[in-house]
Amino acid sequence: MNPNLALSTRRHFLRGVGITLSLPWLESLGGILHAADVEKEPRRLLLVCLPLGIFRDALMPKQTGIGYQATEYLTALQDFRDQFTVISGLEHPGVGGGHASQPRIFTGVPSAERNRRSLDQHVAAALGQHTRFDTLTLSAGANDFSWTDSGSMVPAEKNVADAFAKLFAEEGATNKTKVLREIGRGKSILDFVLDEASDLRPRLSKRDQDKLEEYFESVRATEKRLVKSEEWMHTPKPQVGVKAPAPFAQDEIITNMRNVCDLTYLAFKTDSTRVITFGYFRQDTVAVPGVKVGYHNLSHHGQDEGNIAQLKRVERAFFDELKTLLTNLKNAKEGDSNLLARTTIVVTSNLGSGSSHSNKDLPVLLAGGRFKHGQHLAIAPGTVPLSNLYLSVLHQLGMDNKSFGTSTGTLKGLTII
């Protein structure tokens with residue numbers, strides 16, 4: 001291939017890409033019908049990661065099975081003992097690098113390979129057709145957990161107030177007309193770019209052809225969003241009777257977590273989306289009573305009792321807010337059930353030990369959904385991929401996948417009811 005021709009066509013191709021990239025705001029639109037109008041039992045997924053680890057002795061029981069003695073963190077969730085399972089021993093084969101493993105916690109893709117679609121995005125592809133938003137990626141301090149098939153990270157909403165407005169603030173008539181006009185324009189642009197890109201294929205290198213395939217994927221996804229957007233633009237957003245979250249300082253990690261949990265509850269309650277991810281993280285100082293050392297430094301406690309005591313204060317704050325979220329979901333009736341029974345919640349970390357940066361024996365708390373709960377399911381470390389749990393989650397959500405990530409089957413000992 002003539003290098004000058006290749007460079008020329010690549011530049012020409014990128015001009016086409018530039019046209020679609022001029023419409024990124026369209027990603028904030030989505031949905032077709034309300035779940036109540038589509039099916040009798042909508043199912044939902046919430047994924048949460050604590051990327052600095054979870055202090056093991058305060059989470060994992062020493063006993064296995066249903067007769068375990070609740071640890072400090074599990075005591076905070078005692079009212080829900082029959083609605084969660086704590087799991088030990090799982091890990092992602094081939095995933096290492098300490099903190100560098102963070103983006104792979106919900107993909108299970110080995111570190112030597114390019115990252116691919118995460119569990120939330122996989123589920124959203126199936127469940128997102130029923131809601132205004134396919135998925136919601138929030139940030140309680142961190143979120144680089146959501147990934148597309150082509151290995152692109154799904155950007156998170158870092159400002160909770162903006163996310164609230166996105167879900168519940170109604171656009172004016174003028175804005176609505178403008179948005180509909182731009183959507184129509186966007187469709188014709190996409191058609192043009194697809195035709196243009198198809199004509200370029202024979203002249204592209206193998207690498208550029210791979211890029212072209214990734215581009216086609218994004219174009220097709222955009223087309224689906226555009227169609228959904230047109231229908232949702234005529235559907236009023238839900239009225240929740242709640243004020244938007246007030247601004248807060250960066251170190252107010254509890255406030256951040258509380259706002260994200262409240263928004264998660266409202267999003268599920270109004271069925272604005274069925275799939276949400278977020279992370280609980282703050283690199284430096286945190287506004288938690290009795291804590292004077294940065295959260296990251298505390299995670300490297302070195303078995304120092306003073307550091308561990310402060311670390312547990314930070315992590316206990318998370319479990320206290322998680323309890324409130326579980327309570328709100330359980331109290332929210334939907335048909336003959338409640339939101340907690342129809343929401344599968346996975347809380348985990350990419351670090352089995354924050355102090356040593358180990359990516360083995362990852363902590364997992366599975367709550368809600370149609371699982372038989374109430375046990376500590378202990379797996380021999382290093383023998384079962386975490387993706388086996390993810391495959392079980394997919395099956396519980398009504399999907400018939402044969403595999404996910406590095407799974408070798410569903411998770412034995414975990415029963416779907």
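Bear in mind these aren't lab numbers, they're just calculated from the coordinates by the rules spelled out. What you are looking at is a predicted structure, and each value in this text was computed from that prediction instead of being measured. When we count neighbours, we look across all protein chains shown, and the Cβ atoms used for this are built from the backbone with ideal geometry, even at glycine.
Would you compute, for the Cα atoms of region 284-323, the largest minus smallest coordinate along each principal axis and list the three values in descending order, in whole Å?
29, 18, 15
Spelling out what I want: for every residue of region 158-165, take phi, set θ = phi - 60°, compute 6.51 cos²θ - 1.76 cosθ + 1.60 (Karplus), and round to whole Hz; glycine and proline get x.
8, 9, 5, 5, 5, 5, 4, 4
Over region 290-400, what portion of Cα pair distances is larger than 24 Å, expressed as a whole percent?
Pairs farther apart than 24 Å: 42 percent.
Net charge near Val291: determine it from the other residues with C-beta under 13 Å of the C-beta of Val291, scoring Lys and Arg +1 and Asp and Glu -1.
Residues near Val291 contribute +1 overall.
Order of Ser387, Ser152 from fewest to most other C-beta atoms within 10 Å?
Exposure proxy ranking, most exposed first: Ser152, Ser387.
Shape of region 290-350 from its Cα gyration tensor (a ≥ b ≥ c, root eigenvalues): rounded if a/c is under 1.5, otherwise prolate when a/b > b/c, or oblate?
In terms of gyration-tensor shape, prolate.
State, to one decimal in nm, how far the label point of Val240 lies from the label point of Thr415, with both points 7 Å from Cα in the Cβ direction.
Between Val240 and Thr415, the label points sit 3.7 nm apart.
With the Cα gyration tensor of region 104-155 giving a ≥ b ≥ c as the square roots of its eigenvalues, does the rule (a/c under 1.5 for rounded; else a/b larger than b/c for prolate; else oblate) give rounded, prolate or oblate?
It comes out oblate by the Cα gyration axes.
Ranking Leu397, Leu46 by Cβ neighbours within 10 Å, fewest first, what do you get?
Leu397, Leu46
Only loop residues by DSSP count here, and only those with at most 12 other Cβ atoms within 10 Å; note down the GluC sites (Glu not before Pro) in region 44-129 that meet that. Let's see the in-between values first.
Values: sites: Glu72, Glu91, Glu113; in loops: Glu113.
Sites meeting the loop and neighbour criteria: Glu113.
Going by amide H atoms built from the backbone, whose H comes under 5 Å of the H on Ala142, apart from near neighbours?
Long-range HN contacts for Ala142: Gly279, Phe281.
With a 10 Å Cβ neighbour count serving as the proxy for reagent exposure, in which order, fewest first, do Phe268, Phe106 appear?
Going from sparsest to densest Cβ surroundings: Phe106, Phe268.
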